[in-house]
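Student: Quick one: the structure is below, and I'll ask about it shortly.
The values are calculated or read from the model by the stated rules, or taken from the named source; none is laboratory data. Predicted model only: the values in this text are computed from it and were never measured. Heads up, the Cβs are rebuilt from the backbone with ideal geometry, glycines too, and the neighbour counts pull from every protein chain shown.
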């Protein structure tokens, strides 16, 4: 027994070292910078300065929530269709869904710019002159394009695990297909929905490259603000914003996990 415990400790050592070096230590460094001034003295001025960035935070939240909602509206039917397909078709659909993720985010974003630009593929194809890049719609489109798989995969996993006899039981009890979907399948896949929402909302609210390129510099999101603070040498303010963002994200994840635990396996009657 002691030998097994020793072997487990040895096996876990590299993972613990990795987590401490690349997760715990950076968080400590961010916390130190957030509560100190340029001379290294303790200060709350960085936290107090965050009130200047409240409008930017609300704009980031607005765009990320819209992008998450669009991903859910598109992703749930797509995940359901994939889950109900044959095993061979499921593999093809998943491969097609993941194929863009094999390309670097920078290249994908530049590709979207080439499509949506004033003289890009879309305007050339439609023979129009719509100005899309530099608008909030372009940023939301970029978020949806880049993060949609994060919504589809958790929902697909949940729906594929639902017993097919649930449909038959609901039908025997007089439920129509629509009612079965709303009152049986949807509640049973709630944990996947919450996981998908979390996995899309978190990177969307903190993204900066998508907003820089597709936003065209016409507005700034919180991720852009953090990057600008670090680039211009305002490390302490950037660390304070990062720390507050991390706390808010951890709170939102905790709340969503609580809802997921409470709804898992539940059926609305």
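Student: Going by the structure shown, is residue 242 over 23 Å from residue 144 (Cα atoms), touching a helix residue (DSSP H, G or I) at 6+ places or on another chain (Cβ under 6 Å) and part of a helix (DSSP H, G or I)?
Tutor: The answer is yes for residue 242.
Student: Also, I was wondering about something else. Within the range 181-195, is there a residue that is in contact with a helix residue (DSSP H, G or I) (Cβ under 7 Å, 6 or more places away or on another chain), surrounded by fewer than 19 Cβ atoms within 10 Å (Cβ to Cβ) and part of a loop (DSSP other than H, G, I, E, B)?
Tutor: Checked the range 181-195: no residue is in contact with a helix residue (DSSP H, G or I) (Cβ under 7 Å, 6 or more places away or on another chain), surrounded by fewer than 19 Cβ atoms within 10 Å (Cβ to Cβ) and part of a loop (DSSP other than H, G, I, E, B).
Student: Sticking with this one: Would you please name the residue that is surrounded by the fewest Cβ atoms within 10 Å (Cβ to Cβ), looking only at residues in the range 81-132 that are farther than 30 Å from residue 186 by Cα and in contact (Cβ under 8 Å) with a residue 60 or more places away in the chain?
Tutor: 106
Student: Return only the number of the condition from (1) farther than 14 Å from residue 139 by Cβ; (2) in contact with a helix residue (DSSP H, G or I) (Cβ under 6 Å, 6 or more places away or on another chain); (3) crowded, with 19+ Cβ neighbours inside 10 Å that residue 210 does not satisfy.
Tutor: The failed condition is (1).
Student: What is the residue count in the range 17-46 for residues that are in contact with a helix residue (DSSP H, G or I) (Cβ under 9 Å, 6 or more places away or on another chain) and in a helix (DSSP H, G or I)?
Tutor: Of the residues in that region, 9 qualify.
Student: Starting from the range 246-269, take each residue that is surrounded by 11 or more Cβ atoms within 10 Å (Cβ to Cβ) and list its partners that are at pLDDT below 80 and part of a helix (DSSP H, G or I), counting only C-beta distances under 6 angstrom and pairs at least six apart or across chains.
Tutor: Filtered contacts from the range 246-269: no entries.
Student: Considering only residues that are within 22 Å of residue 153 (Cβ to Cβ) and touching a helix residue (DSSP H, G or I) at 6+ places or on another chain (Cβ under 9 Å), which ones fall in the range 98-110?
Tutor: 98, 100, 101, 103, 105, 108, 109
Student: Here's something else I'd like to know. Within the range 44-52, can one find any residue that is surrounded by 12 or more Cβ atoms within 10 Å (Cβ to Cβ) and under 26 Å from the mean Cα position of the chain (by Cα)?
Tutor: yes
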